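These notes concern the structure reproduced below.
What follows draws every value from the coordinates through simple rules; no lab data is involved. The structure presented is a predicted model; accordingly, all values stated were derived computationally and were not measured. Here the Cβ is made from the backbone with ideal geometry for all residues, glycine too, and neighbour counts use every protein chain on show.
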Amino acid sequence: MNTVTESFWLAGQLITSLDPALLHIVGLSLRVSGLACLFGALLGLALGAWLAVARVPGHALLVWGLNTLLALPSVVVGLAVYLLLSRAGPLGSWGILFTPTAMVIAQSILVVPLIAALARRLVLDAMALGGDQLRSLGATPLQAAALMLLHARAGVATLLLTAFGRAIAEVGAVMIVGGNIEGVTRVMTTAIALETSKGDLPLALALGLVLLGVVGAVNLVIAAVQGREGRQGLALTP
């Protein structure tokens, strides 16, 4: 049995035996990314809805800035959060650097532009179809945007799942603000990087397979949501 085959065999054993260290890393990854998407959604959905209907000076510049942030490297987010939370930073007194809380903050900042940009596009498309009717009933532009987001639940679910996939596959920001501390802040992506550098391929492969499975499951749910939405649209078509 060669090294690669043996590593895959041992990785499979770690997964099937539900190795405690593996489960802890996977569980922490899911909690951090899940909370980051929850907090990111609270801000991102509101920001996206507001940008879809706002008519303020500099609106085009704000949209440009949001779209630019979509390409913001995760290490830059990590660096910014590190500077804020470090002992010499303005929020250093909180003492949360190198904790899961700092990782949630970094990932939340990372997913907000993605959620906001997709929410804005979703609201614009929805408003083009039913916005005039809502405004004729007395709804303000922001109220109409909120109602459109509430109505487009499938679209909102899709963008939130997309943000979760982005968060859980991220490595740079959580490595910087979490420190990759074993048993405390080690998530799947940072553990894969560390174990590979140490030569512990079985654990790295096991985590990689689990991460691939999580991302694949997220994409299957997205496809199912989009398929259901498409079938409902066809059913409503006369």
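Inter-label distance, Q143 to A88: 5.2 nm, where each label sits 7 Å from its Cα along the C-beta direction. Shown is the FRET efficiency for L212 and L70, computed with R0 = 35 Å from the Cβ-Cβ distance and rounded to the nearest 0.05: 0.90. Sorted fewest first by neighbouring Cβ atoms within 10 angstrom, I168, I192 come out as I192, I168. Using the 10 angstrom Cβ neighbour count as an exposure proxy, how do R87, R135 rank, fewest first? Ascending number of Cβ neighbours within 10 Å: R87, R135.
Calculated [222 nm] ellipticity per residue, helices only, for the chain: -27000 deg cm²/dmol; basis is -39500 (n - 2.57) per DSSP H run with n ≥ 4, divided by all residues, nearest 500. Zone of E6 (label point 7 Å along Cα→Cβ, backbone N under 13 Å): which residues in region 157-200? Hits in region 157-200 for E6 at 13 Å: 200.
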